[in-house]
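Below is one structure; the comments refer to it alone.
Only the coordinates and a few stated rules stand behind these numbers; no lab work does. Computed from a predicted structure; not experimentally measured. With ideal geometry, Cβ positions are generated from the backbone for all residues, glycine too; neighbour counts draw on all protein chains shown.
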Amino acid sequence: MKIGDKVRFLSETGGGVVAGFQGKNIVLVEDADGFEIPFPVNDVVVVTDEDYTTKHIVESKQTKGMQENLSIKERMKAQDAEDEEDYDPSDNFIAKPVERKGGDALSAYLAFVPIDIHDISNTTFESYFVNDSNYYIHYIYMTAEGANWSLRSSGEVEPNTKEFIEEFSRSQLNDMEQTCIQIVAYKRDKTFMIKPSVDARFRIDAVKFYKLHTFTENDFFETPALVYPIVENDVPRRPMTIDVKQLKENLISRNEKTQNKPHVTNQRMHDNKIVVDLHADKLLETTAGMSAGDILEYQLDVFRKTLEQYKSKKGMRLIFIHGKGEGVLRQSIIHELNYKYKRYSYQDASFQEYGYGATQVTIK
């Protein structure tokens, strides 16, 4: 520190110019008004050209704040510029679904795919909704237990794509026997021909899931699958509406048949065995006005009531004649025995006595 140096005070606001010294420990500081103020040497410090008034300090802080704010704005501006350089419009680009020739005819399917086709006895399965059309499809997938329906899945499927619904095991097949798919089709961002909504009902046969030949090659999966059509080339699997009048007439006709000919009457005793012929022409005088599903349900009703009639007679053997081959009635009876009447044993009935189309059930 020497005469002429600019200094500021450490313990007070202000400063000035060194005018001289008083001994080794006192410095004379001349302020802006020309007064020489004695100050301890260790209480002043040499500085560059600055204004040491309070006003100047406040202004200096304000200036510094403005500069910092400006610096922040500049940094933000620089960051925005960098972001613009890095921005790629393709990052947010969503390709529109590609339409195909012939895809304006509405086709949709419910598909079941075994996860391990080589272990059909133990594998689990996946279900898919397949949209084989140029339309967006909103679907609702439901299953029923008695008269009550439960929602399993719903969603929107883009044109010409398939959507995974769920994975399930054989133990869940009993809950899927009565299945319904409802769909509504439309297009986005363009005009289109309106399509009727579809209400498709299925009876999922659990027995099929035990047979390898049930799952076949198809256009939608690389592995074999069981595919149920919901609508195909604009033709719904089931009628969209129900003729209430016709339905009522059918029910009345069916009730009259039931009253005139009670269920479990087509029985005969043979070698201490009850024989029941489930052929429709043996149970019903006429099948007019009845669909194949109505007839099957009637036959199964006879089957169930026969088991109910003899349930207390342990050891009783019941012979149900249902016809040859792997028919729907035989499969339905086997399904009932496997899942609803597990306590009973069953086997093919004697070929010599009843041919190939009969099953023997033993009450236990």
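What to note about this one:
- Estimated distance in nm for a label pair at Asn42 and Glu222, the labels positioned 7 Å out from Cα along Cα-to-Cβ: 8.5
- Direction-averaged projected area, Cα convex hull, segment 185-233: 5.3 nm², rounded to one decimal.
- Among the listed pairs Lys101/Lys211; Lys101/Lys208; Lys273/Lys324, those beyond 27 Å (Cα-Cα): Lys101/Lys211; Lys101/Lys208
- Under 5 Å, built H, 5+ apart or other chain: amide partners of Ile204: Gln178, Thr179
- Amide H contacts under 5 Å for Ser153: Tyr141, restricted to partners 5 or more places along the chain or on a different chain, H placed in the peptide plane at 1.01 Å from N.
- Shape annotation for segment 111-216: C-alpha extents along the principal axes are 48, 34, 19 Å, from largest to smallest.
- R0 of 51 Å, Cβ-Cβ distance His118-Met269: FRET efficiency to nearest 0.05: 0.60
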